[in-house]
Amino acid sequence: MKPRITVITIGVDDLERSLRFYQDGLGLQTQGIIGTEFEHGAVAFFDLQTGLKLAIWLRKSISHDSGISLGSSSPTEFTLGHNVSSKAEVDAVMEQARNAGAVIVKPPHETFWGGYAGYFADTDQHLWEVVWNPQLLVQE
């Protein structure tokens, strides 16, 4: 297997609500919901960096497609990391997320390893870490 990820798909409970959060609230670019002509096919893709997309797909559709029963989820199953270029940018992104309807789980703070970070939960409780890491330069 080559070390390459091209799509990160997260399961959501309300596709329209999640679309509004990511498109209108966070400003991610998308063509909107596609695949509505197929049962279990409605999905939205958002452009991230070159070669990477974020997809939102109904949890029940992922269950159907994978053959795994729909079960309970936990926000601590994984996090999505958004690295930024300054502490001020961490604060700005966290405020943008709050204004979009996110719950601030952990406000921005100095980290034990010398960075600055905070966590928010999207409208389906997926955890996002917004982080400035002085050892990791962000490519703009």
Practice task
Enter the Cα centre distance for the pair region 1-50 and region 115-131, rounded to the nearest angstrom.
Solution key: 18
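Over all alpha-carbon pairs in region 86-140, figure out the percentage whose distance exceeds 17 Å.
Details: 489 of 1485 pairs.
The proportion of pairs with Cα distances above 17 Å equals 33 percent.
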Handout entry: Pairwise FRET efficiency - residue 8 versus residue 69, Cβ, R0 = 30 Å, nearest 0.05
Key = 0.85
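Put 95, 39 in order of accessible area, largest first, 1.4 Å probe: what do you get? Let's see the in-between values first.
Details: 95 80, 39 155 Å².
Largest to smallest exposure gives the sequence 39, 95.
Ignoring ligands, DNA and RNA, please state the percent of accessible area on region 58-131 from carbon and sulfur, probe 1.4 Å.
Details: 2240 of 4220 Å².
Answer for region 58-131: carbon and sulfur cover 53 percent of the accessible area.
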Completion exercise
Across 63, 18, 72, the residue with the highest GNM fluctuation in the chain (Cα network, 10 Å cutoff) is 72
Exercise for the section: Please give the solvent-accessible surface of residue 19 in Å², to the nearest 10, using a probe radius of 1.4 Å with every protein chain present. Expected result: 20
Fill in the blank from the handout: Filtering trypsin sites (Lys or Arg not before Pro) in region 8-117 by DSSP loop and by at most 12 other Cβ atoms within 10 Å leaves none
Fill in the blank from the handout: Quick calc: nm separation of the 7 Å Cα→Cβ label points for residue 79 and residue 121 -> 1.4
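How much length, in nm to one decimal, is gained on full extension between residue 113 and residue 95, taken as 0.36 nm per residue of separation minus their Cα-Cα distance?
Numbers: separation 18, 0.36 × 18 = 6.48 nm, distance 2.32 nm.
So the chain would gain 4.2 nm between residue 113 and residue 95.
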Handout entry: Solvent accessible area, Å² - residue 119, 1.4 Å probe, full protein context
Key = 60
Exercise for the section: Given the options 56, 34, 68, state which has the largest fluctuation in a GNM of the chain using a 10 Å cut-off (strictly under) for Cα springs. Expected result: 68
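Please compute the per residue accessible area over region 8-136 with all protein chains in place, 1.4 Å probe, rounded to a whole number of Å².
Working: 7350 Å² over 129 residues.
I get 57 Å² per residue for region 8-136.
What percent antiparallel are the DSSP beta bridges of the chain, to the nearest 5? Before the final figure, lay out the partial values.
On the way: 19 of 31 bridges.
Close to 60 percent.
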Exercise for the section: Provide, for the chain, the number of lysine pairs with alpha carbons under 26 Å apart, each pair being eight or more places apart or on different chains. Expected result: 4
Handout entry: ³J(HN,Hα) computed for each position of region 121-134 - Karplus, 6.51 cos²θ - 1.76 cosθ + 1.60, integer Hz, glycine/proline x
Key = 10, 6, 5, 10, 6, 6, 8, 10, 9, 9, 9, 10, 10, x
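The values are calculated or read from the model by the stated rules, or taken from the named source; none is laboratory data. Model, not experiment: these values are computed from the prediction. All Cβ positions, even for glycine, are placed from backbone atoms using ideal geometry, and neighbour counts span all protein chains on display. Each accessible area value is taken on the protein alone, full model and side chains, heavy atoms only, with ligands, DNA and RNA left out. Shrake-Rupley method; radii C 1.70, N 1.55, O 1.52, S 1.80 Å.
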